[in-house]
1. Output the helices (runs of 4 or more DSSP H) that fall wholly within segment 153-219 and possess 1 or more residues being within 19 Å of the chain's Cα centre (by Cα) and of a type in the set (Val, Ile, Thr), or say none.
2. Of the residues that sit in segment 157-207 and are acidic (Asp, Glu) and under 28 Å from ASP72 (Cα atoms), which one is least open to solvent (accessible area, probe 1.4 Å)?
3. Applying the selection to segment 262-280, what residues are near the ligand (Cβ under 8 Å from one of its atoms) and closer than 13 Å to PHE211 by Cβ?
4. Spot the failing condition for LEU123; the list is (1) of a type outside the set (Val, Ile, Thr); (2) within 14 Å of the ligand (Cβ to nearest atom); (3) in a strand (DSSP E or B), and only one is missed.
5. What is the number of the single condition among (1) within 16 Å of the ligand (Cβ to nearest atom); (2) among the aliphatic types (A, V, I, L, M); (3) closer than 24 Å to ILE142 by Cα that LEU247 does not meet?
6. Taking LYS158 as the residue in question, decide whether it is free of Cβ contacts under 8 Å to residues at least 12 places away in the same chain and of a type in the set (D, E, K, R).
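The values are calculated or read from the model by the stated rules, or taken from the named source; none is laboratory data. Note that the structure is predicted; figures quoted are calculated from it, not measured. Here the Cβ is made from the backbone with ideal geometry for all residues, glycine too, and neighbour counts use every protein chain on show. Side chains included, ligands, DNA and RNA excluded: accessible areas come from the protein's heavy atoms. Shrake-Rupley method; radii C 1.70, N 1.55, O 1.52, S 1.80 Å.
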Amino acid sequence: MKFTVVGAGAMGYRYGVLLQDAGNQVEFVDTWKPNVEKVRQQGGVFVSRDHQNRQLVPVKLFYPEEYHGNPDVWIFFTKQMQLADFLKRTAHCFNDQQYALTCMNGMGHVEKLLKYFKPAKLLAGTALVATVLNGPGDVDFIGARGAGTMNLANYTEKPDEMTHKVVAELKKAQFNPNLTTNFMGTLMAKVVFNSVVNTLCTLFEITMGEFASYSGADELSRQLINEAYDVCERAGVQMLNTRQAELDSINYVSKVANPLHYPSMYQDMSHNRPTEVDYINGYLVKLGQKYNYAATTHAFLTHLVHLAEHTRQQN
Ligand code: NAD
């Protein structure tokens, strides 16, 4: 199958390199000049696993304006605030036959993708795996091969033949995909997860394990989960998990699966890049407002993250 990854960052490299390894034809599109130039100069991207076995993997990486590929499936892994620009700059390559797949965090990407791709061609989900971009052309896949899982669903909630082919390729590449027929429920489960762990770990500059070791962690999580679920219920979202199962999943990931990991929002903050908080806690606030519900704790946290971003920029 032919895939083109848009956004050659941490996750874009992980999906692209592993799909390429599994025998697919993969190309990459990126706009960050230091990354594109470094990959061209070194002849590929350096890939490590848990800081070990750093190896150069040859990849084909293009700027959008010079790209003319026609993949079966586009894979979008930009940050939420970068997506509109990437879409505009790559649009000359899009056509009605192509599928779009994304497992970006937060919400905001779906409407943007639907401006370019038909609803029946859109597959979105969540990636439960950690990846770190050390710098231009240098990525670290956290966890052993086959670590982590992902959920995905068709926007139409009706899997077609191509969906099953994509899932088969993701399986071969050991992403452990789980296909659901609940689009919003699948995406919102990760939004709720991130609205707790990503945001709190980022604010306090701590790992997920450090967060989970605090005796009041469950109480903090419950307050945010309850508010998020109150919003989702008003919006008619069929949640995949119960509130208790969401809390259990936060505890499992923080204590067992990834205790040493700093969430991706922290990585943005520590590199003085803007975070995706407006698309996570901020999205819950806006969705709540639509249904006359004030998600005050999520609003407060959104401000705190922006205050932290602002403070870093002043220093
Ligand atoms: P990333 O920041 O590594 O890459 C995204 C884009 O930003 C790429 O185009 C990259 O070239 C560019 N970029 C990277 N560093 C930059 C810098 N310093 N200055 C300018 N541009 C830069 O993003 P990611 O971690 O791959 O995340 C993509 C999406 O996947 C996001 O929605 C994220 O929340 C989600 N996600 C990430 C992880 C993870 O562990 N990294 C896990 C699950 C989901």
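1. Working: elements: 161-172, 183-204, 208-212.
Per the criteria, 161-172, 183-204.
2. So in segment 157-207, the residues acidic (Asp, Glu) come out as 157, 160-161, 169, 205.
If we keep only those that are under 28 Å from ASP72 (Cα atoms) as well, we get 157, 160-161, 169.
Numbers: GLU157: 79, ASP160: 49, GLU161: 134, GLU169: 27 Å².
Here the residue is GLU169.
3. PRO263, MET265
4. (2)
5. (1)
6. Details: free of Cβ contacts under 8 Å to residues at least 12 places away in the same chain: no; of a type in the set (D, E, K, R): yes.
In short, no.
Conditions (1) surrounded by fewer than 22 Cβ atoms within 10 Å (Cβ to Cβ); (2) within 11 Å of the ligand (Cβ to nearest atom); (3) on the phi > 0 side of the Ramachandran plot, marked per residue:
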{"position": "TRP32", "(1), (2), (3)": "yes, yes, no"}
{"position": "LEU56", "(1), (2), (3)": "yes, no, no"}
{"position": "PHE76", "(1), (2), (3)": "no, yes, no"}
{"position": "THR90", "(1), (2), (3)": "no, no, no"}
{"position": "GLY106", "(1), (2), (3)": "no, yes, yes"}
{"position": "LYS112", "(1), (2), (3)": "yes, no, no"}
{"position": "LEU128", "(1), (2), (3)": "yes, yes, no"}
